[in-house]
1. Would you check if residue 47 is more than 14 Å from residue 80 (Cβ to Cβ), assigned by TED's automatic domain parsing to the domain that holds residue 87, in contact with a strand residue (DSSP E or B) (Cβ under 6 Å, 6 or more places away or on another chain) and surrounded by fewer than 18 Cβ atoms within 10 Å (Cβ to Cβ)?
2. Only one of 231, 187, 203 is modelled with pLDDT under 90, out of contact with any helix residue (DSSP H, G or I) (no Cβ under 8 Å at 6 or more places or on another chain) and surrounded by fewer than 20 Cβ atoms within 10 Å (Cβ to Cβ); which?
3. Only one of 142, 121, 116 is crowded, with 17+ Cβ neighbours inside 10 Å and either farther than 24 Å from residue 51 by Cα or in the same structural domain as residue 87 (by TED's automatic domain parsing) (or both). Can you tell me which?
4. Check region 144-151 and report whether any residue there is modelled with pLDDT under 95 and under 15 Å from residue 224 (Cα atoms).
5. Residue under question is residue 119, and the condition is that it be closer than 27 Å to residue 182 by Cβ and at pLDDT 95 or above; does it hold?
6. With (1) crowded, with 17+ Cβ neighbours inside 10 Å; (2) modelled with pLDDT under 95; (3) within 13 Å of residue 22 (Cα to Cα) as the list, and residue 56 as the residue in question, which single condition is left unmet?
7. Does region 23-37 contain any residue that is surrounded by 14 or more Cβ atoms within 10 Å (Cβ to Cβ), more than 22 Å from the chain's Cα centre (by Cα) and either modelled with pLDDT of 95 or more or part of a helix (DSSP H, G or I) (or both)?
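The values are calculated or read from the model by the stated rules, or taken from the named source; none is laboratory data. Just so you know, these numbers come straight off a predicted model, no measurement behind them. Here the Cβ is made from the backbone with ideal geometry for all residues, glycine too, and neighbour counts use every protein chain on show.
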């Protein structure tokens, strides 16, 4: 029989918990959201959906959380503090414990074949510069400059795993599934990436597929841009991945 707190069994460890934690529903209707997990014990979450909280806590991606429909819409704020020596991984486990306790959550884990994108090095090899690791708290990617119709990403101190997650957030017109890093590239990199948004690209493909594109946009899809500018390819595939299945979860959290 499944019970609230089954998170303990999934981790295989004695559960870690925050020293202090405040969790409240966010009914503001604001579109913006924010989450920060810092070593040293600090966690700040603002206006995140329960689905996104679970994805962060269990370090899984799109399609790896299965539960009631409300988890995609109900949003929450969290301010929590762990121990000073806690790593980001420790904080994720503490977040699992918090969600299990406050929402009386019971769940189990399965392995399924899921559709994904895999990020790989192209035949010509990578075209990015090595970069030292980022100082904690620094933005690894910020908006860049270029043709006004394109999207621009200026990145430094970024790993390939982090790039995979950024692509899921910033290029949703192209990326409808999780992106897995299979480049085998270690360390951090810096680069500039430009691509034409999917709506423009697919509407003008016949006339803007090379360097003669109008000045407003380059005419390169995200897939083209990754290969031409970074020496990476992104291809559709299926992979065996863990899926977190929620068997029970109260919609209203226990009071702080």
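1. No; evaluated as a whole, the condition is false for this residue.
2. Of 231, 187, 203, the one residue that is modelled with pLDDT under 90, out of contact with any helix residue (DSSP H, G or I) (no Cβ under 8 Å at 6 or more places or on another chain) and surrounded by fewer than 20 Cβ atoms within 10 Å (Cβ to Cβ) is 203.
3. Going through 142, 121, 116 in turn, just one is crowded, with 17+ Cβ neighbours inside 10 Å and either farther than 24 Å from residue 51 by Cα or in the same structural domain as residue 87 (by TED's automatic domain parsing) (or both): 121.
4. Within region 144-151 (the criterion being modelled with pLDDT under 95 and under 15 Å from residue 224 (Cα atoms)), the answer is yes, since at least one residue qualifies.
5. yes
6. Exception for residue 56: condition (3).
7. no
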